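Visitor: Got a structure for you, questions after.
The values are calculated or read from the model by the stated rules, or taken from the named source; none is laboratory data. Treat the numbers as computed from the prediction; the structure is a model and nothing was measured. All Cβ positions, even for glycine, are placed from backbone atoms using ideal geometry, and neighbour counts span all protein chains on display.
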Protein chains: 2
Amino acid sequence: MAPLTLVIVGGNAAGMKAASRARRLNPDCRIMVFEQKAYVSYGACGLPYFTSGVVKERQDLVVRSPQYFKSVGNIDVHTGHKVIRLNPSDRTITVKNLQTEKEQTVFFDNLILTTGVTPVIPPLPNINLHRIFTVKTLEDGEAIRQYIRGEGCKEAVIVGAGLIGLEMAENLHRAGLKVSVVELLPQVLPPFSPEIAFSVEKHLREKGVEVFPGERVKGFEGDEKQGVKRVVTEQRELKADLVILSIGVRPNIELAKVANITLGPTGAIQVNERMETSMSSIFAAGDCAETKSLLTGKPVWVPLGSIANKQGRVAGENAAGGIATFRGVLPSIITKVFDLTIAKTGLNEQEAIKAGFAVERSIVLPFDKAHYYPGAKPLLLKMIADRMTRRILGGEILGEAGVDKRADALAAAIYNDVTCEDLSQLDVAYSPPYSPAMDALITGANVLLNKFSGIYTAISADELKQKIDRGGPFLLLDVRTAEEYQAGHIPGALHIPLDKLRERSLELKGKATGALVVYCGQSLRSYQASRILKELGLGEAINLEGGIRMWRWEKEKA
Amino acid sequence: MAPLTLVIVGGNAAGMKAASRARRLNPDCRIMVFEQKAYVSYGACGLPYFTSGVVKERQDLVVRSPQYFKSVGNIDVHTGHKVIRLNPSDRTITVKNLQTEKEQTVFFDNLILTTGVTPVIPPLPNINLHRIFTVKTLEDGEAIRQYIRGEGCKEAVIVGAGLIGLEMAENLHRAGLKVSVVELLPQVLPPFSPEIAFSVEKHLREKGVEVFPGERVKGFEGDEKQGVKRVVTEQRELKADLVILSIGVRPNIELAKVANITLGPTGAIQVNERMETSMSSIFAAGDCAETKSLLTGKPVWVPLGSIANKQGRVAGENAAGGIATFRGVLPSIITKVFDLTIAKTGLNEQEAIKAGFAVERSIVLPFDKAHYYPGAKPLLLKMIADRMTRRILGGEILGEAGVDKRADALAAAIYNDVTCEDLSQLDVAYSPPYSPAMDALITGANVLLNKFSGIYTAISADELKQKIDRGGPFLLLDVRTAEEYQAGHIPGALHIPLDKLRERSLELKGKATGALVVYCGQSLRSYQASRILKELGLGEAINLEGGIRMWRWEKEKA
């Protein structure tokens, strides 16, 4: 029998991982990879850091060369080769050498499509001006890097405040540019809850980056020779020597579509758990393929390098004659924005509600280390759970350190269907330099359990704002210290510090018509206050979840 | 009906957590805590950092005062009160006020024993000399801190190289002392595998701490007035102005024992999942109580603050009339030793073998961040799994950064009975500043899967050392670069760099009588080499797991 011929279309994360895996399982098969660009196997996620010089050399990003794959893996990598046609019926592809323009037909036994994504370019006036960049390829990164190091590049506008947009904001700012970020949606980092996104916006502004959420870009101005000069939004004009377009990507599905391979509801290539497409012997993996949400069971499209690598490995194994499956994703994401780390795993509150879950939430602000250990800083952790099953559905975490740790531990827990009960007893490793004795995740799970058992009642900052704006009859109680209260409190709040609450509780009698809402800095003291009030027969007080830290509106000074 | 009276013996982590939880669930009950010492609720795990001044103030460690518990929780905390007798038949305890020496009898409906531990003091000659300290109470910490800040304290000897011993080594070194560590067992950090412990010993020596594993202390020398002067071991005499005894702790079970409460096989108080002892209405929690290993199902005794807090919460809930259970522990531990973090979760290889598992292991050395991101450093991850069920049984991690993150993610996974397959697809959050695209845990799980499926065969450094010492017929192949080989290789190794292996493979034919063992720096290139050798028909090469990094013996220079 002739050895199997495996052809892979696309030489990035998923493609090269598939090739390597296939070789390891099958020493005899023939493996060919076709890649349009000049490089394979480079760290595309590092591009923002490469533009600013945080990652110093191009070579740092290029993991392995075609020569390496040949000498070590006996894998034939053809860069500068574009696959222009896929012919499933005769199991061939048509490949064009982009240098010689020559076309050839290549036979395959098994094919893996790892065609990746293309940045979305909106059809706006003057979108084709020079110095409007996307951040996708090594060539993009090099062009941006070279340009910002030159004379005259002083101001940058970033259109789109997703992960790449904000990573570029940090890196361009670091490179000495004045940076503005324009986002169509009402907040930065659209996958995150508004209260998390608000903290990020605040941090960006503190660092000197201008942020314009909820603002539509109408077009660009400039001249053909010098390129872009201004970004015009519905609200303003922003001077721009450089524009980064980071409004999203779309899967490269043209080859698949023309070959009648089924696309999924997300628009990416539909695959099963073995990464098989609808067409026999043809697999797809990485950013061009769909996957499944482990929380909703529905198809999702999540173009991320971490997922691409895992899918590539599974596709490579199956295409080489093995058996492997890819279960799906939560997904988990993380990004660094200056001094903050922001991570999310699973669903956010809105996504979970949309998916039909009865959602309970907790917002806690525990320290990342033992409170007495030098450098301890508060985290902001929002978790959601399903009221019916008590299963944890997702979490968002923001802070200066230890965010990635909680995100991954939570991801590992959710990946294994953890309930609030189990998370509350998670046996994580404790020592003062690394966490408090009760870790953030445990605190968050305990709050959820307290809510389920009815000993903790809470209101979100948004709900409280609405309540105040409606002007209904209720009493708002601030139980922080006098200094904290004087520095700024929620308008209309009465002040009784927690340690005086027992003796001064009579002041509340009579005043408390309607609900009693109590708050503090982070909702720890308010929780204790609510227990005291209950003990004293003053009823079930409602806690402002996350405390005044979550109050995004005006404060009143004493 | 009269309100419930809950009495708690011991005012540290478990005790105060139990009191607070009971109060939250039961606003009406009477809660009394008796504590011998002057403080309650302090961060005992922070003591090593307090001695050196890393934690600046005593007040930083004292979380809450008795007054706080009274005013906020209506909890009566009696410090300086020792419970000298427990009388289950009439539901009373006898309490002695240590200042007035007066005794009183206190009735309880429910009782929680959180009596904690006492450091082990070995019956050695002159053990009672001044300046031989244990590190248990705030008073210990203050005495050490005061003494090392004074004149004439220049050399310290630490007896016992467990977590506290090594934390003290770092902190005393930081305080300017010359530090030696003596350990009876053949390695430091006894809960860890020898190869992990070896790296810690090396690091300690690099930092200027002398380490003497496998050395028995015979006694101490000094004089009554000035205190200890020398530590005498079977091998040497060590000058000592200060001795830290950290050879372990034992549970305080005297009260329970006299009251005929059942002790478990570990010697600590036996409890069920609700933290109930054998005696009705009497609970135990924290360091004095046993718990269950989630991996073996057997009783274990793990005196750690993180576990004490969780158990205290469960005991408090149950003793207040609620229903809560504590499932058990992995356990997870972590410690900082100078620039290294070392963590463990679940079982180590020896523990798993002893518990009857068929153990498979992986040792990998992946980067903590994307390899190109500034500051990326290799981790050392050893994982073990059960060959029968493929369940992950435990992991040990060592490195400069990101160790706590992998430990907690792995803990969350093991806590939920994860298999190698699932761990290999764990959807952890990826971005270059936080991890490689394939995280360490995924790499480790993939190596285990490769071993299960027979495409990766490995030998540990210990096994290779034995093989070499036996002198059996086998060929040892180093596939690193010429520079790496010349800088030091395993005695007798043949050198062919990986990228020349295909063309020079003929050199191996004929030479390879018996087994072929191949190694590189970290076992990544050797893995690729073994695939090439197989492809070329040279049979199944055996990889040195973890590469030359794991070779603890003499190297040969070219």
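Visitor: Checking the conditions here, which among A:Ser89, A:Ser71 is within 13 Å of chain B (Cβ to nearest Cβ) and surrounded by fewer than 24 Cβ atoms within 10 Å (Cβ to Cβ)?
Guide: On the way: A:Ser89 fails: within 13 Å of chain B (Cβ to nearest Cβ).
Exactly one of A:Ser89, A:Ser71 is within 13 Å of chain B (Cβ to nearest Cβ) and surrounded by fewer than 24 Cβ atoms within 10 Å (Cβ to Cβ), namely A:Ser71.
Visitor: So how many residues does the range A:439-448 have that are buried (at least 23 other Cβ atoms within 10 Å of the Cβ), assigned to a helix (DSSP H, G or I) and in contact with a Ser or Thr (Cβ under 9 Å, 6 or more places away or on another chain)? Outline the logic, then answer.
Guide: Here is the first cut: in the range A:439-448, the ones buried (at least 23 other Cβ atoms within 10 Å of the Cβ) are A:439-442, A:444-445, A:447-448.
From the residues that got through so far, the ones that are assigned to a helix (DSSP H, G or I) too are A:440-442, A:444-445, A:447-448.
Checking the rest, the ones that are also in contact with a Ser or Thr (Cβ under 9 Å, 6 or more places away or on another chain) come to A:441-442, A:444-445, A:447-448.
Of the residues in that region, 6 qualify.
Visitor: Please go through the range A:514-558 and give me each residue that is in a loop (DSSP other than H, G, I, E, B), over 31 Å from the mean Cα position of the chain (by Cα) and buried (at least 16 other Cβ atoms within 10 Å of the Cβ), ordered by number. I'd like the intermediate steps shown before the answer.
Guide: Here is the first cut: in the range A:514-558, the ones in a loop (DSSP other than H, G, I, E, B) are A:514, A:520-524, A:536-541, A:545-546, A:551-555, A:557-558.
After this cut, where a residue has to be over 31 Å from the mean Cα position of the chain (by Cα) as well, the list is A:514, A:536-541, A:557-558.
Passing the criteria: A:Leu536, A:Leu538, A:Ala541.
Visitor: Would you mind telling me which numbered condition in (1) farther than 20 Å from B:Thr266 by Cα; (2) buried (at least 22 other Cβ atoms within 10 Å of the Cβ); (3) in contact with a strand residue (DSSP E or B) (Cβ under 7 Å, 6 or more places away or on another chain) B:Ile333 fails?
Guide: (1)
Visitor: Follow-up. Answer yes or no: is there a residue in the range B:233-240 that is crowded, with 20+ Cβ neighbours inside 10 Å and assigned by TED's automatic domain parsing to the domain that holds B:Gly10.
Guide: Looking through the range B:233-240, none of the residues is crowded, with 20+ Cβ neighbours inside 10 Å and assigned by TED's automatic domain parsing to the domain that holds B:Gly10.
Visitor: Can you tell me how many residues within the range B:281-295 are in contact with a strand residue (DSSP E or B) (Cβ under 8 Å, 6 or more places away or on another chain) and in a helix (DSSP H, G or I)? Spell out how you get there, then give the answer.
Guide: Going residue by residue through the range B:281-295, those that are in contact with a strand residue (DSSP E or B) (Cβ under 8 Å, 6 or more places away or on another chain) are B:281-285, B:287-295.
Then drop every residue that is not in a helix (DSSP H, G or I), which leaves B:287-288.
Qualifying residue count, the range B:281-295: 2.
Visitor: Any idea which of (1) under 25 Å from A:Ala284 (Cβ atoms); (2) modelled with pLDDT of 95 or more is the one A:Gly73 doesn't satisfy?
Guide: Of (1) under 25 Å from A:Ala284 (Cβ atoms); (2) modelled with pLDDT of 95 or more, only one is false for A:Gly73: (2).
Visitor: Here's a check for you: in the range B:172-193, which residue that is part of a helix (DSSP H, G or I) and touching a strand residue (DSSP E or B) at 6+ places or on another chain (Cβ under 9 Å) is nearest to B:Leu47 (Cα to Cα)?
Guide: Taking the range B:172-193 first, the residues part of a helix (DSSP H, G or I) are B:172-174.
Now drop any that are not touching a strand residue (DSSP E or B) at 6+ places or on another chain (Cβ under 9 Å), which leaves B:172-173.
On the way: B:Leu172: 12, B:His173: 15 Å.
For the range B:172-193, the residue satisfying everything is B:Leu172.
Visitor: Determine if the range A:296-310 includes at least one residue that is among the hydrophobic types (A, V, I, L, M, F, W, C), more than 15 Å from the chain's Cα centre (by Cα), within 13 Å of another protein chain (Cβ to nearest Cβ) and in a loop (DSSP other than H, G, I, E, B).
Guide: Within the range A:296-310, not a single residue is among the hydrophobic types (A, V, I, L, M, F, W, C), more than 15 Å from the chain's Cα centre (by Cα), within 13 Å of another protein chain (Cβ to nearest Cβ) and in a loop (DSSP other than H, G, I, E, B).
Visitor: Still on this structure, please answer the following. For a quick check of your reading of the model, give me the residue pairs whose first member lies in the range B:472-497 and is in contact (Cβ under 8 Å) with a residue 12 or more places away in the chain and more than 14 Å from B:Arg525 (Cα to Cα), whose second is part of a loop (DSSP other than H, G, I, E, B) and of a type in the set (Ser, Thr, Tyr), with beta-carbon atoms closer than 7 Å and at least 6 apart or on different chains.
Guide: Listed pairs, sorted by first residue: B:Pro473/B:Thr513.
Visitor: Go through (1) at pLDDT below 95; (2) over 26 Å from B:Leu61 (Cα atoms) for A:Tyr527 and report which single condition fails.
Guide: (2)
Visitor: Can you name the residue in the range B:74-85 that is more than 9 Å from every other protein chain (Cβ to nearest Cβ) and under 25 Å from A:Arg531 (Cα atoms) and is also surrounded by the most Cβ atoms within 10 Å (Cβ to Cβ) among such residues? Walk me through it before giving the result.
Guide: First, pick out the residues of the range B:74-85 that are more than 9 Å from every other protein chain (Cβ to nearest Cβ): B:75-85.
Of the ones still in play, those that are also under 25 Å from A:Arg531 (Cα atoms) are B:75-79.
On the way: B:Ile75: 23, B:Asp76: 15, B:Val77: 25, B:His78: 19, B:Thr79: 17.
Result: B:Val77.
Visitor: Of all the residues that make up the range A:449-464, how many are outside any loop (DSSP other than H, G, I, E, B) and either within 11 Å of chain B (Cβ to nearest Cβ) or in contact with a Lys or Arg (Cβ under 8 Å, 6 or more places away or on another chain) (or both)? It would help to see each step written out before you state the result.
Guide: Going through the range A:449-464, the residues outside any loop (DSSP other than H, G, I, E, B) turn out to be A:449-452, A:458-459, A:461-464.
Cutting the leftovers down to either within 11 Å of chain B (Cβ to nearest Cβ) or in contact with a Lys or Arg (Cβ under 8 Å, 6 or more places away or on another chain) (or both) gives us A:449-450, A:452, A:458-459, A:461.
So the count comes out to 6.
Visitor: Quick one: how many residues across the range B:271-295 are at negative phi and either more than 14 Å from chain A (Cβ to nearest Cβ) or of a type in the set (Asp, Glu) (or both)? Break it down into steps so the answer makes sense when it comes.
Guide: First pass over the range B:271-295, keeping only residues at negative phi: B:271-274, B:276-280, B:282-285, B:287-295.
Going one step further and asking which of them are either more than 14 Å from chain A (Cβ to nearest Cβ) or of a type in the set (Asp, Glu) (or both), we end up with B:271-273, B:276-280, B:282-284, B:287-290.
Of the residues in that region, 15 qualify.
Visitor: Which of the strands (runs of 3 or more DSSP E) found entirely inside the range B:347-438 contain at least 2 residues meeting this: surrounded by fewer than 24 Cβ atoms within 10 Å (Cβ to Cβ), more than 13 Å from chain A (Cβ to nearest Cβ) and within 25 Å of the chain's Cα centre (by Cα)? Explain how you work it out, then say what you get.
Guide: Details: elements: B:359-364, B:380-386, B:392-399.
Here the list reads B:359-364, B:380-386.
Visitor: Name the single residue, out of those in the range A:92-125 being in a strand (DSSP E or B), within 35 Å of the chain's Cα centre (by Cα) and more than 30 Å from B:Ser526 (Cα to Cα), that is nearest to the other protein chains (Cβ to nearest Cβ). Write out each step before concluding.
Guide: Our first condition is that a residue be in a strand (DSSP E or B); within the range A:92-125, this holds for A:92-97, A:103-107, A:110-113, A:117-119.
Now drop any that are not within 35 Å of the chain's Cα centre (by Cα), which leaves A:110-113, A:117-119.
Next, only the ones that are more than 30 Å from B:Ser526 (Cα to Cα) stay: A:117-119.
On the way: A:Val117: 16, A:Thr118: 20, A:Pro119: 18 Å.
Among residues in the range A:92-125 that are in a strand (DSSP E or B), within 35 Å of the chain's Cα centre (by Cα) and more than 30 Å from B:Ser526 (Cα to Cα), the one nearest to the other protein chains (Cβ to nearest Cβ) is A:Val117.
Visitor: Can you confirm whether B:Gly162 is within 20 Å of B:Val337 (Cβ to Cβ) and surrounded by fewer than 18 Cβ atoms within 10 Å (Cβ to Cβ)?
Guide: Against the criterion (within 20 Å of B:Val337 (Cβ to Cβ) and surrounded by fewer than 18 Cβ atoms within 10 Å (Cβ to Cβ)), B:Gly162 does not qualify.
Visitor: Moving to a separate point now. If only one of A:Val300, A:Val314 is within 22 Å of A:Arg24 (Cα to Cα), in contact with a Lys or Arg (Cβ under 8 Å, 6 or more places away or on another chain), of a type in the set (Val, Ile, Thr) and assigned by TED's automatic domain parsing to the domain that holds A:Ala19, which one is it? Break it down into steps so the answer makes sense when it comes.
Guide: Values: A:Val300 fails: within 22 Å of A:Arg24 (Cα to Cα).
Of A:Val300, A:Val314, the one residue that is within 22 Å of A:Arg24 (Cα to Cα), in contact with a Lys or Arg (Cβ under 8 Å, 6 or more places away or on another chain), of a type in the set (Val, Ile, Thr) and assigned by TED's automatic domain parsing to the domain that holds A:Ala19 is A:Val314.
Visitor: Let me ask another. Filtering the range A:20-40 down to residues that are assigned to a strand (DSSP E or B) and not charged (D, E, K, R), which residue is nearest to the other protein chains (Cβ to nearest Cβ)? Steps first, please.
Guide: Keep residues of the range A:20-40 that are assigned to a strand (DSSP E or B), which gives A:30-35.
Filter once more, so that each one left must be not charged (D, E, K, R): A:31-34.
On the way: A:Ile31: 12, A:Met32: 17, A:Val33: 17, A:Phe34: 22 Å.
Going through the qualifying residues, I end up with A:Ile31.
Visitor: Criterion first (within 14 Å of another protein chain (Cβ to nearest Cβ), closer than 22 Å to B:Ser424 by Cα, in contact (Cβ under 8 Å) with a residue 24 or more places away in the chain and outside any loop (DSSP other than H, G, I, E, B)) does A:Val314 satisfy it? Walk me through how you get there before you give the answer.
Guide: Details: within 14 Å of another protein chain (Cβ to nearest Cβ): yes; closer than 22 Å to B:Ser424 by Cα: yes; in contact (Cβ under 8 Å) with a residue 24 or more places away in the chain: yes; outside any loop (DSSP other than H, G, I, E, B): yes.
It is true that A:Val314 is within 14 Å of another protein chain (Cβ to nearest Cβ), closer than 22 Å to B:Ser424 by Cα, in contact (Cβ under 8 Å) with a residue 24 or more places away in the chain and outside any loop (DSSP other than H, G, I, E, B).
Visitor: On the basis of being touching a helix residue (DSSP H, G or I) at 6+ places or on another chain (Cβ under 9 Å) and of a type outside the set (A, V, I, L, M, F, W, C), does A:Arg30 make the cut? Spell out how you get there, then give the answer.
Guide: Numbers: touching a helix residue (DSSP H, G or I) at 6+ places or on another chain (Cβ under 9 Å): no; of a type outside the set (A, V, I, L, M, F, W, C): yes.
Considered against the rule, which asks whether it is touching a helix residue (DSSP H, G or I) at 6+ places or on another chain (Cβ under 9 Å) and of a type outside the set (A, V, I, L, M, F, W, C), A:Arg30 comes out as no.
Visitor: Do you know which residues across the range B:199-220 are among the β-branched types (Val, Ile, Thr) and more than 15 Å from B:Lys178 (Cβ to Cβ)? Outline the logic, then answer.
Guide: So in the range B:199-220, the residues among the β-branched types (Val, Ile, Thr) come out as B:200, B:209, B:211, B:217.
Hits for the range B:199-220 are B:Val200, B:Val217.
Visitor: Of the residues that sit in the range B:44-62 and are without any contact (Cβ under 8 Å) to a residue 24 or more places away in the chain and either at the interface with chain A (Cβ under 8 Å from one of its Cβ atoms) or outside any helix (DSSP H, G or I) (or both), which one is surrounded by the fewest Cβ atoms within 10 Å (Cβ to Cβ)?
Guide: B:Glu57
Visitor: Let me ask you something else. I need a count of the residues in the range A:317-330 that are surrounded by 20 or more Cβ atoms within 10 Å (Cβ to Cβ) and away from every other protein chain (no Cβ under 12 Å).
Guide: 2
Visitor: Out of the residues in the range B:190-231 that are touching a residue at least 40 places away in the same chain (Cβ under 8 Å) and aliphatic (A, V, I, L, M), state the one that is farthest from B:Ala461 (Cα to Cα).
Guide: Among them, the one singled out is B:Val228.
Visitor: Here's another thing I want to ask about it. How many residues are free of Cβ contacts under 8 Å to residues at least 40 places away in the same chain and at positive phi when one looks only at the range A:521-552?
Guide: Going through the range A:521-552 one residue at a time, the tally reaches 2.
Visitor: Has the range B:257-270 got at least one residue that is within 14 Å of chain A (Cβ to nearest Cβ) and either surrounded by fewer than 18 Cβ atoms within 10 Å (Cβ to Cβ) or in contact with a Ser or Thr (Cβ under 9 Å, 6 or more places away or on another chain) (or both)? Steps first, please.
Guide: Here is the first cut: in the range B:257-270, the ones within 14 Å of chain A (Cβ to nearest Cβ) are none.
Looking for residues that are within 14 Å of chain A (Cβ to nearest Cβ) and either surrounded by fewer than 18 Cβ atoms within 10 Å (Cβ to Cβ) or in contact with a Ser or Thr (Cβ under 9 Å, 6 or more places away or on another chain) (or both), one finds none in the range B:257-270, hence no.
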